[in-house]
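Q: Provided herewith is a single structure, encoded as structure tokens, for subsequent inquiry.
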Amino acid sequence: MLIKKLYIIIFFFLFIFTNNLKSIASENKILIKVNNEIISSYDLFIEISYLSTINKNLKNLQPENYIEIAKNSLIREKIKEIELKKILKTIEIESDQLDSITLNYFKRFGINSLENFNNYFLERKIDPEIIRKKISIEILWNQLIFSKFNDKVKIDKKLIEKEIKKNNVQKEYLLSEILFNLKENEKLENKFNQIKFEISEKGFGQAALIYSLSDTSKTEGKLGWVKSSVLSKEIEKNLSTTNVGNITDPIVLPGGFLILKIEDLRESIKEYDIEKEVDFIIKKKTEQQLNQFSNIHLKKLTKDIQINEL
């Protein structure tokens with residue numbers, strides 16, 4: 001019922017938006033309450049516009065799918081914001097830091113200045129400040145996760161050094177991912193079959209858009225080139241038995257279940273400074289573990305949050 005109502009509202013907005021932005025604001029409806037935070041029909045419309053901007057393939061999905069994606073994205077963002085407001089007076093980042101991170105993220109769209117950034121979104125009828133706030137929430141959330149869980153990160157530096165010296169060939173995977181959880185009474189086999197069907201029908205990228213809980217879902221699950229040396233033994237074991245172009249079975253992680261697709265594979269003779277390589281691997285493994293802690297913490301917070309769809 002909610003999806004049908006959202007479908008009508010969104011397409012009403014699409015018609016009105018091109019003619020009069022103020023009309024949308026005047027027709028704004030509260031759709032979801034996340035504790036005391038609200039998500040309005042205007043918020044949802046802007047989220048769809050934003051996600052469509054950073055991922056052109058979103059428009060290829062059925063309307064009910066991209067409405068659901070935008071809705072879940074906004075709910076996750078609100079939960080993070082609620083948690084951050086418990087310890088911060090304002091959701092703000094030092095201007096220079098925010099500008100640098102913003103331009104670095106959007107450089108793939110040919111944006112190389114704040115003026116370009118502002119114009120890019122204004123041309124698409126999106127307030128750039130909304131995007132800046134989204135980035136601020138993610139930065140502050142990552143800082144929160146680091147402060148809470150950095151001392152729980154476990155990395156064996158000596159083992160890393162031993163592995164580097166043992167093997168002269170460096171294997172790299174071009175990977176895409178889908179990270180998912182199970183709902184109450186949902187079976188892993190059924191969920192995996194559902195995702196596999198979506199992959200076979202629409203492709204891995206669109207399946208990632210629909211099912212993945214990872215931030216990479218916004219870019220079709222793309223992880224880029226990943227060195228085997230930064231992967232856990234469990235993930236490396238699964239990839240080693242998977243052919244290029246295929247997907248792994250679900251890999252159990254602390255934050256859920258992970259499906260990886262090998263887009264490509266390459267090998268090269270190692271020629272590098274061992275100390276720098278160790279530092280690089282430690283950095284990447286730290287990021288991976290912190291991402292897992294982030295997913296676990298967000299999942300835990302979600303259980304204690306009241307989400308009411310109106």
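Q: I'd like to verify a number: residues in the range 173-195 that are under 20 Å from the mean Cα position of the chain (by Cα) and surrounded by 11 or more Cβ atoms within 10 Å (Cβ to Cβ), how many?
A: Number of matching residues: 13.
Q: Sticking with this structure for a sec: Which one is farthest from I269 (Cα to Cα), of the residues in the range 155-171 that are in contact with a Lys or Arg (Cβ under 7 Å, 6 or more places away or on another chain) and surrounded by 11 or more Cβ atoms within 10 Å (Cβ to Cβ)?
A: Looking at residues that are in contact with a Lys or Arg (Cβ under 7 Å, 6 or more places away or on another chain) and surrounded by 11 or more Cβ atoms within 10 Å (Cβ to Cβ), I get I155.
Q: Identify, please: which residue in the range 170-212 is of a type in the set (D, E) and in a helix (DSSP H, G or I) and is, among those, nearest to L231 (Cα to Cα)?
A: E189
Q: So, of the residues in the range 38-91 that are buried (at least 21 other Cβ atoms within 10 Å of the Cβ) and of a type in the set (F, W, Y), which turns out to be farthest from L213 (Cα to Cα)?
A: F45
Q: What are the residue pairs meeting all of these: first residue in the range 106-130, first residue without any contact (Cβ under 8 Å) to a residue 40 or more places away in the chain, second residue polar (S, T, N, Q), Cβ atoms under 7 Å, and 6 or more apart or on different chains?
A: Pairs that qualify, where the first residue is without any contact (Cβ under 8 Å) to a residue 40 or more places away in the chain and the partner is polar (S, T, N, Q), are F117/T102; P128/N118.
Q: Under 6 Å between Cβ atoms, at least 6 apart or on separate chains: pull out the pairs that start in the range 213-238 with a residue that is surrounded by 14 or more Cβ atoms within 10 Å (Cβ to Cβ) and basic (K, R) and end on any residue that is assigned to a helix (DSSP H, G or I) and modelled with pLDDT under 90.
A: K218/I54
Q: Also, quick follow-up: Only residues in the range 89-103 that are over 17 Å from W141 (Cα atoms) and in contact (Cβ under 8 Å) with a residue 60 or more places away in the chain count as the first member; pair them with residues that are of a type in the set (V, I, T) and part of a loop (DSSP other than H, G, I, E, B), Cβ under 6 angstrom, at least 6 apart or cross-chain, and list the lot.
A: Nothing qualifies.
Q: Just to be sure before I move on: is L265 at pLDDT 95 or above and within 22 Å of K162 (Cβ to Cβ) in the structure I sent?
A: no
Q: When the residues of the range 129-168 are narrowed to those that are within 29 Å of the chain's Cα centre (by Cα) and among the basic types (K, R), which ends up nearest to T286 (Cα to Cα)?
A: K154
Q: Also: Just to check your reading of the model, which residue among L209, L122, L144 is assigned by TED's automatic domain parsing to the domain that holds N243 and within 30 Å of I91 (Cα to Cα)?
A: L209 is the lone residue from the list that is assigned by TED's automatic domain parsing to the domain that holds N243 and within 30 Å of I91 (Cα to Cα).
The values are calculated or read from the model by the stated rules, or taken from the named source; none is laboratory data. From a predicted model like this one, the values you see are computed outputs, not experimental measurements. Note that each Cβ is placed from the backbone with ideal geometry, even for glycine, and that neighbours are counted across all protein chains shown.
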